[in-house]
1. If each of A:GLU231 and A:LYS382 carries a label point 7 Å out from its Cα toward its Cβ, how far apart are those two points in nm?
2. Roughly how tilted is helix A:399-412, in degrees to the nearest 10 and between 0 and 90, from the longest Cα axis of chain A?
3. Under a crude label model (7 Å from the Cα following the beta-carbon direction), how far is C:THR328 from A:ARG308 in nanometres?
4. To make sure I understand, if each residue's beta carbon is the centre and we count other beta carbons within 10 Å, what order do B:MET151, B:MET62 fall in, fewest to most?
5. What FRET efficiency would be calculated for the residue pair B:ARG155, C:LEU309, taking the C-beta separation as r and a Förster radius of 41 Å, to the nearest 0.05?
6. For a label point 7 Å from the Cα of A:ARG472 along Cα→C-beta, name the residues of the stretch A:173-209 whose backbone N is under 11 Å from it.
7. Please list the helices of chain B that count as membrane-span-like by this rule: a mean Kyte-Doolittle hydropathy of at least -1.0 together with Cα atoms stretching 24 Å or more along the helix axis, each helix being a complete DSSP H run.
8. Mind checking the dipole of chain C: about its Cα centre, +1 per Lys or Arg Cβ, -1 per Asp or Glu Cβ, Debye to the nearest 20?
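Nothing in this text is a laboratory measurement; each read-out follows from the coordinates by a stated rule. What you see is a predicted model; the values in this text were computed from it and never measured. Using ideal geometry, Cβ is built from the backbone for each residue, glycine included, and neighbour counts are taken over all protein chains shown.
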Amino acid sequence: MTQPLVSLEGVSKAFGPIAALRDVSLAVAAGEIRGLCGENGAGKSTLMKVLMGLVRPDSGVIRIAGEPRTIRNPRHAQSLGLGLVAQELSLAPRLSILDNIWLGGEETPLIYRMGKLRLRARAALDALGAEDLDLDQPVLDLPVGQRQIVEIARLLARDARVLILDEPTATLSDVEIERLMSILKGLRAQGHGIIYISHRLGEVFELCDSVTVLRNGAHVSTGPAIGQTRESLIEDMLGRSFGDMYPARDEDAAMKGGVSIAHLTVPGVVHGLSLFAPKGRITAIAGQIGSGAGAVNRALAGLEPAARGEVRIDGSALMLGSAPASAADHVLFVSDDRAAEGLFPDLSALDNLIAADLRAHASAGVVSWTRARELGLDIARKVGLSEGRLASRASTLSGGNQQKLLFGRALARATPGVLLMNEPTRGVDVGARADIYRLMRDLCARGWTLIMTTSELEEVVGMADLVYTMYRGRLVARREGAEIELAGVLADITHPLAPEAAA
Amino acid sequence: MAGSLRNHPLARPLAIFVACFILLVLVDRGRGNVLALATGFSMFETFATGALVALGLGLCMMIREFDLSVAGVFSLAGCLMAFMGGSDPYLGFAAALLAGVVVGLVQGLIIVRLGLSSVGVTLGGLLTCVGLAYVLTENRSLPYDNIEATMAVTRRIWGLFSLRSLVCLAVVALVAVVFGVTRWGREIIAMGSDRRAAITAGAPVTGLLIAIFAFSGFCAALSGAMLTMALATAAASGLSDVIPPAAAAAILGGVSLAGGTGRPLGVALGVLTLGLLRAGLNALGAPPFINDIALGAILLAVGVLDGPEIARRLKRLQGT
Amino acid sequence: MGNRMSGVLMAGVAALALACSGGAALADAKGKKVLMVQSFAVHPYVAGIIKSFKAKAESYGMEVTVQAAGVDAALQARQFDDGVARKFDLIVVQPVSEQAIVPALARAKEAGVPVMISNNTPKDGTEALYQTFVGQDQNEMGRIVGRQIVKSFKEAGRDGGKVAFITGALTEGLGPRRLAGIKEVIAANPKIEVVAVEDAKWDTATGERIAGQLFARFAAQGGLDGVYGMADNLAVAAIKAAEAAGVQLGSGPKQLLVFGGNCQKEGVEAIKAGKMVSSVSQIPTYLGEKLADAANDFFAGKTLPKETLLPVELIDKANLSQWEAACTY
């Protein structure tokens, strides 16, 4: 057995009271592509930050080619032969490809010796089959797929032995994904070690030699990719079977009416989308990053000024492009960016609960605070928020409790309306998730129309009554009832052009 | 080829400068008021007062920071020059530059170590420097009694320049070369366009930030000290309005408040544009407020062109 | 706009005529190009000087160009130097800083461009660098107020008393000169005590704030007997602060006497209302016209005195009617 290129032994890291990594061990050998899977919050990104020197582990040993090392910063990690292609690329758009390849390199001389650096950058790009890229072209002009190739070329030019790729295909087109796959296989053949972080199981099975699964910061399993099945990986990732988490669907809740969207266009993001979200049901709009799913909800909430199209709620038209107009039509929006678009972080939890509906507690413009407070307390009980927390500032609450506040606002409304949710459980722990899922069903029963977008497939499969899948701003699939199962939705998202199911 | 020329970072500052020049010459209608050596000299004298402050501030803006303390350092350096540099200008320069660099270093360290916003920190620096200058001068304007030195820095050289403007040109040229041929220039641009990306790529961002604030302090001190020599006086309240023209010059020079754009030569061109406007309109005998209106209109135009909406539309027009 | 253009054109024609005449010194102001380099063009006092100078100078046939630099001494030096380079026949400058303008004056002298100084007293020892200074004796303006304070206190039956000064910028220029004058008089009357000299930099709002603080500070010590606002806007600011603080104005016991420094519209009103004792004449229109007269004399080849001083007089209730119009600018 040859020595692994890099290995972690018993690495732990906690941020305050939250353990991000618990005693994780992992080793990657030369010529190996290791898949790294896990839910959001499983510890994948912390693990990666530990390897790049962006986070110091609390305990454990990192060995590079057998030598124990303390990785001080990204520069040091590079000099040890570790290279990262992060989900958000680390390229400076206004610099040329050449400058980006050498940006921050440890051996980049103070005064550029252009000739030599050019040759090495050229060689690195050529090795990736990117002979067509001009070294002097600014990165700004490149599509995402080519930017990724520049990132990889940067690592190769600096002699990285171990490449870490974090969700590299999230924003790529099919052709670009194909190209990336073959590049990575080529690098494996040259003896590089690769850690491939992805929740796209199809890619993992196609590319990886072995797979490691993390859950809640702990190592769950490591084994060869052959012999694993999609189901076994998912069970490892979730630690349970689907059913427990999600409340039963209530078929009786379906009612007449709902939200009909016709020819919705948000320039550059959504192109002529038409769909129907029935009242009393949960409609999910699925899609990868850049699919435009999130923008649909933002447009309905009036937060996309350039949105055009025809939206009717129970038959009456909604004015697009104006948040107050949407709010007046009982359209509530739970943002994926709670801090910026949802909560008032410096107000108390109670004030946040009643904030969006002050007019309902007012007579002739004067707010009745006693009545408002009573109502707030009532809602707090309904959403499962303890009374002691009501006086705390919203910014001090956990992600789950913050989200409960936003749902509570919907519950506070006497008239049912439309609840738009982008990533409703992002940053929410497992226990609070179940509460939130229960709340969503409650709202259905009260006659609300729920439209949700989420990057977590199991949430789609567990909660949605109706799933629309978008790809690059267009609708590509529609599933209902029994058609909603993980593999199918995953296929819709990742192989978008195959099914012609879109109605 | 045309595209790459248009995208060159110096293309716009140069275009603005040339456009202003042509406009002034056209308004002059061949009377030779604008096309005179005196206009050029005047332009370079304005450059001598403002160029270095704009350069330092411009570098700060390139990395998405701001340095309000330049105005304070500028006054303090002038007072130190008047205080210590009367008999020996070199001693005055040493004291002024030391003060400028120390103020910049301290501010840079505070910003980096405590993770504070540069606007707040440098506002503190500004008030501290002005306060020190008031204490030093006891709220009186100080004469700088070295007539030979005054005449030496203001004497006209080759018709267009003075020692003062030549020093500024030399510093700008040096910075432009360093920015162009070393990795620092690339790292500054990278740091301004996306600091997280620059860190991930391995650029030494903390060191650069501290160095840029120190350099900004150095620049403000050098020009403040030289202005005191040229005007033979120093005052805690400052001899010249520094920050608005410097910020305007940086923006004309292609530096955006969002960081990550611009070049030192662009900033220098921005300062020259301000000087040209001032000198040219003076030569035309335009009333004083015309200069402000013209400058305001140009800045507004630049700001509108920089807006994301316009950029998107332009891009769509180009079909990319 | 068209007017200005034709004006510039006329200047060009005149310059041509001048060139054809062989450059012999014409004993006439007709067609002479004069540059006025000003400080605060937006301040009513400065605006008054500019307006009256321009009108009178143009009536003599001069071509007047105006530049203004606010408080920016560097910019003013630049505007002045540009004027020198462009060979104006005469430059009239109101220095932002008496000190910072000196090198530029020296360069004008070297280039043979004559200069006149307006309003702001030039630095001592620079007499060789300008033709004449037209303005007021600022020390005298201070002394007049000093004498008035002594007199008013006596008339109010007070044996001495406490006075506070709220001044214009003391860094240099008018402020320190007026202060020196008033202190000189008061020093000869040891029973009058100057308890505070506060720099309000000519700013009304600052003056009001400072006055309020002064009243609070001295309330415990029996209050102030008098306040001097170095310009009328500062004196009126002190009156407002006194009214807000409940300090009584007037010459009775425990009441406050307020003295202005150079007359302005609001000062005239305050004297009329009996809230302010007096002010001192400093009239922009007189100054502007005097400057134009001096320029005309200069072009006519007359020898000018180094100083052309305008009369400064005390303005109180007795002679207010005579000054009211001139002070309202």
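1. Result for the modelled spin labels: 4.0 nm.
2. Between helix and principal axis, roughly 30 degrees.
3. So the two model labels end up 6.3 nm from each other.
4. B:MET151, B:MET62
5. 0.70
6. Of the residues in the stretch A:173-209, A:173-176 have backbone N under 11 Å from the label point off A:ARG472.
7. B:11-28, B:37-62, B:89-114, B:118-137, B:163-181, B:205-231, B:264-284, B:288-306
8. 160 debye
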